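Single-structure report; data block below.
Just so it is clear, none of the values below were taken in a lab; they were calculated from the coordinates. In this text, all values refer to a predicted model and were calculated from it rather than measured experimentally. Reconstructed Cβ throughout: ideal geometry from the backbone, glycine too, with neighbour counts over all protein chains shown.
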Amino acid sequence: MEIFEDDTLVANLSDTAILRAFLITLNSISIGSHRFIDLWKRVTDGNSLLSETYEKWGDRSNWSCLWPQAKDLWEAQVYRPGIMSERLAELTKIDQREFDDVESKFAKSIKIKGKQYQKRTFFLYTIVECFLRPNYALMADLEGVVDQLFDTLRAYRMFSG
């Protein structure tokens, strides 16, 4: 996701190049998700590892952030290739002129502070904010959950044998 937040890079990319990078990112997310789901099933199936881990770590932010992200991820599903054209009515409505106005005002406020800001295209904003950021946040939180699962499993194995 950071690649789409690099001002110098974004200034020199066409929407076609951004789309290509986005499709490569989608492929990586897809492969990683399938591997994670397989691992999750093996680690949690038929034992109490998940409930023990939640009992110990469930009050941490990575666990509590998983639930609110469900709404973001549901909306992000609309952007999946092959589905978007069928579900256009579900997409968040954004006025192009309003978007451009907000971007211009933000760039101007940054320039006043002596810094530069590369205005984003509507296309780039959509893929970053409506798809990549929610998925990135979920993966970051899931990484913490998986680390805690392995910590619980290691502790369980140390005490049992």
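Using Cα positions and a limit of under 26 Å, work out the lysines in reach of Lys119, with same-chain residues fewer than 8 apart set aside.
Candidates past the 8-residue exclusion: Lys93, Lys105, Lys108, Lys111.
For Lys115, what charge total do you get from the other residues with a beta carbon under 14 Å from its beta carbon, if Lys and Arg give +1 and Asp and Glu give -1?
Neighbour charge sum, excluding Lys115 itself: +3.
Sort Glu98, Glu52 so that the residue with the fewest other Cβ atoms within 10 Å of its own Cβ comes first and the one with the most comes last.
Ranked by crowding around the Cβ, least crowded first: Glu98, Glu52.
Given a Förster distance of 30 angstrom, what is the FRET efficiency for Ile112 paired with Met139, based on the Cβ-Cβ distance and rounded to 0.05?
0.25
Net charge around Phe4, counting only other residues with Cβ within less than 11 Å of its Cβ (Lys, Arg = +1; Asp, Glu = -1)?
Spelling it out: positives minus negatives among the neighbours equals -3.
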